[in-house]
């Protein structure tokens, strides 16, 4: 695994062992839980409101060797129900399969839709 600069990217656990993602897996930083939010029309939506299958954005920390279209430091949109949580050195991460990612936001231009975050 390497970051865009070509340097090896390693995530280290409590025992100072390098972690390598396998197959088509992504390691993403768990998004911060948002509290209350507002709709476009200004309606306040509490954090406890049930929202039907809301997708989340997260930053990619590491990718497995068989991941084709996502790189470290990209931002991905995924369903939080389709992932696994892992705690490393007191920080929460999620493991997501590449096939469970719905969209990628990256700085590079590779024939996307022309939409930007």
Search result, residues across segment 27-44 that are modelled with pLDDT of 70 or more and either touching a helix residue (DSSP H, G or I) at 6+ places or on another chain (Cβ under 9 Å) or under 23 Å from residue 89 (Cβ atoms) (or both)
27, 28, 29, 30, 31
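Criterion first (part of a strand (DSSP E or B), at pLDDT 90 or above, under 14 Å from residue 95 (Cβ atoms) and in contact with a strand residue (DSSP E or B) (Cβ under 8 Å, 6 or more places away or on another chain)) does residue 76 satisfy it?
When the stated conditions are applied, residue 76 passes them.
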For segment 82-100 the number of residues that are at pLDDT below 90, more than 11 Å from residue 30 (Cα to Cα) and within 13 Å of the chain's Cα centre (by Cα) is 1
Would you confirm whether any residue within segment 45-65 is assigned to a loop (DSSP other than H, G, I, E, B), surrounded by 10 or more Cβ atoms within 10 Å (Cβ to Cβ) and at pLDDT 90 or above?
yes
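The values are calculated or read from the model by the stated rules, or taken from the named source; none is laboratory data. From a predicted model like this one, the values you see are computed outputs, not experimental measurements. Cβ coordinates were reconstructed from backbone atoms using ideal geometry, including for glycine residues, and neighbour counts include every protein chain displayed.
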